1. Beta carbons within 10 angstrom, averaged per residue: use that to sort the peptides 123-129, 176-182, 220-226, highest first.
2. For the range 19-35 and the range 94-125, compute the distance between their C-alpha centroids and round to whole Å.
3. Working from Cα positions, state the angle (0 to 90°, nearest 10) between the long axis of helix 46-58 and the longest principal axis of the chain.
4. With an 8 Å cut-off on Cα pairs and a minimum separation of 6 or more residues, tell me the relative contact order of the range 74-178 in percent.
5. As a check on your grasp of the helix formula, calculate [θ] at 222 nm for the chain: sum -39500 (n - 2.57) over DSSP H runs of n ≥ 4, divide by the residue count, round to the nearest 500.
6. Between residue 47 and residue 240, what's the calculated FRET efficiency when r is the beta-carbon distance and R0 is 35 Å? Round to 0.05.
7. For the chain, what does the relative contact order come out to in percent, with C-alpha contacts under 8 Å and a separation of six or more?
8. Does the range 7-93 come out rounded, prolate or oblate by the C-alpha gyration tensor, with a ≥ b ≥ c the root eigenvalues, rounded set by a/c under 1.5 and, if not, prolate when a/b is larger than b/c and oblate if not?
């Protein structure tokens, strides 16, 4: 296993992060690299990945990237296999990629529904399917799957989004029970967080509702610290779920 700067208990861990080009994924990449991890970033936007990787390296962090569409299993498999073949192990997979085009069900925006199902559910399943055989073979590993406060409470315009995040929690809990003692599984459920997710909301009323919600919001760095906390625990400690939201939230 590659070992980098031993600045913390995650020093030298090889960590894959999906949806890494902005928001929570970007903040997590920066923080984990700062703490000595070898991060490998996956997302669709090559220019964003190149820029972020360069910035991390300029700060003496260990970073690499691959263009990745999580909805395509073949790409996910190549991404995870690249990490294993290049760095010798896959210690952690952070399944972070997500979309949130909110609208009422009566709007029947089925293309948006399908997109959420593909990214938010299949993307996580693809990460598990690609990473699990490697982790089982090496005898260790951790999945950190991003759900949402919307995976605990349903709100108007968010029925399908919330359904996908409930699914992430169900999949993660099932995975935890199946993998046994050598592989850890963590669910992180953020409250309203500053990110690009709201940019995908095409329904004007839903955009206005989210704009109001976002008057009180977390920074991506706050969520990244929660992810770091889960990863840096001793190997015999499995943080199963973290809910993190603004102190002033209802």
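Rule-based calculations on the coordinates, nothing more; no lab input. Owing to the predicted nature of the structure, the values given are computational and were not obtained by experimental measurement. With ideal geometry, Cβ positions are generated from the backbone for all residues, glycine too; neighbour counts draw on all protein chains shown.
1. Values: 123-129: 22.9, 176-182: 11.7, 220-226: 20.0.
Top of the packing list down: 123-129, 220-226, 176-182.
2. The two parts, judged by their Cα centres, are 22 Å apart.
3. Computed tilt is about 50 degrees.
4. About 34 percent, as a whole number.
5. So the calculated ellipticity at 222 nm is -13500 deg cm²/dmol.
6. On the way: r = 37 Å, r/R0 = 1.04.
Approximately 0.45, to the nearest 0.05.
7. Values: 516 pairs, mean separation 49.1, N = 250.
Dividing the mean separation by the residue count of the chain yields 20 percent.
8. Values: a/c = 1.87, a/b = 1.22, b/c = 1.54.
Oblate.
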